[in-house]
Amino acid sequence: MDKSSIQQDVQDYITDLRKGRNTEARWLSFTQLVEKNLDQICRELDTRWLVSICDTYSDFSDDITRRNALLVVQMVNLEKLWATNLLMYDVSLNKEKLGKLKSNKVIPLWDGMYSFNINHGDMTWNLFARMEQLIKETPVIHTIYRTIIERLKENNTALANLNKYHKRLFDPYPRRSVFRILRKKILKWFKAYKI
């Protein structure tokens, strides 16, 4: 199946499903198309269409798959909202605030929320680790999710821009071994007693 053909098929199925045309049969055919051609779909369709596929799974699939598909859609939509908001302003880098952030300071945002620590904050590690744990239960959605994560890294996105400073934004949360925790406590004890 060539690129234009598979994209056209995906579009046709999604259109029919959203318009309620022969839903049961079209849903079955759609999932078969996606599962059979998943690598090609992830390679050739843009993020917009991968999100549309996830939207469709969140509308028609079982509860677990619906939840996982919606997590992927929400992640991309929040990035899209952030980028759209930035388009409305003439934004330039604020070196003073960047300096504060680089010196491990956080800046108050709204209602008790603070900025992300761009040096070593673990908010994104926790976010991606939790999403990964849930989404890996659904192989089709997981494959699309991993594709979208790679595209978020490669493009001019808010997450990729933050990663220029953080450098580990997309890394999996580091596993903490008992040895590392114990070592850290011992070093802290020696430092406290100046031994």
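The values are calculated or read from the model by the stated rules, or taken from the named source; none is laboratory data. It should be emphasised that the depicted structure is a prediction, and the values quoted were computed from it without experimental measurement. Because the Cβ atoms are built from the backbone with ideal geometry, glycine has one as well, and the counts that use them run over all protein chains shown.
If only residues of segment 1-52 that are surrounded by fewer than 17 Cβ atoms within 10 Å (Cβ to Cβ) and basic (Lys, Arg) are counted, the one that is nearest to Arg66 (Cα to Cα) is Arg18.
Within the set Lys97, Lys105, the sole residue that is surrounded by fewer than 16 Cβ atoms within 10 Å (Cβ to Cβ), basic (Lys, Arg), modelled with pLDDT under 90 and in a loop (DSSP other than H, G, I, E, B) turns out to be Lys105. On inspection, Tyr145 fails the criterion of being more than 16 Å from Arg48 (Cα to Cα) and either modelled with pLDDT of 90 or more or hydroxyl-bearing (Ser, Thr, Tyr) (or both).
Condition check for Phe128 on (1) surrounded by fewer than 13 Cβ atoms within 10 Å (Cβ to Cβ); (2) within 23 Å of Asn68 (Cα to Cα); (3) of a type in the set (A, V, I, L, M, F, W, C): one failure, at (1).
With respect to being touching a Cys at 6+ places or on another chain (Cβ under 9 Å), surrounded by 13 or more Cβ atoms within 10 Å (Cβ to Cβ) and of a type outside the set (Gly, Ala, Ser), Val76 fits the description.
Residues in segment 67-97 that are without any contact (Cβ under 8 Å) to a residue 60 or more places away in the chain and more than 14 Å from Ile144 (Cβ to Cβ): 17 in all.
Within segment 20-39, residues that are outside any helix (DSSP H, G or I) reach partners that are surrounded by fewer than 18 Cβ atoms within 10 Å (Cβ to Cβ) and modelled with pLDDT under 95 with beta carbons closer than 7 Å, at six or more positions or on different chains, in the pairs Asn37/Met1. Exactly one of these conditions fails for Ser61: (1) surrounded by 11 or more Cβ atoms within 10 Å (Cβ to Cβ); (2) closer than 21 Å to Met123 by Cβ. Give me its number. Of the numbered conditions (1) surrounded by 11 or more Cβ atoms within 10 Å (Cβ to Cβ); (2) closer than 21 Å to Met123 by Cβ, the odd one out for Ser61 is (2). All conditions in (1) in contact (Cβ under 8 Å) with a residue 40 or more places away in the chain; (2) farther than 24 Å from Asn156 by Cα; (3) not acidic (Asp, Glu) hold for Lys105, with the sole exception of (1).
Answer yes or no as to whether Ser61 is more than 30 Å from Thr15 (Cβ to Cβ) and hydroxyl-bearing (Ser, Thr, Tyr).
It is false that Ser61 is more than 30 Å from Thr15 (Cβ to Cβ) and hydroxyl-bearing (Ser, Thr, Tyr).
Please determine whether any residue of segment 136-155 is buried (at least 16 other Cβ atoms within 10 Å of the Cβ) and more than 30 Å from Phe30 (Cβ to Cβ). Within segment 136-155, none of the residues are buried (at least 16 other Cβ atoms within 10 Å of the Cβ) and more than 30 Å from Phe30 (Cβ to Cβ).
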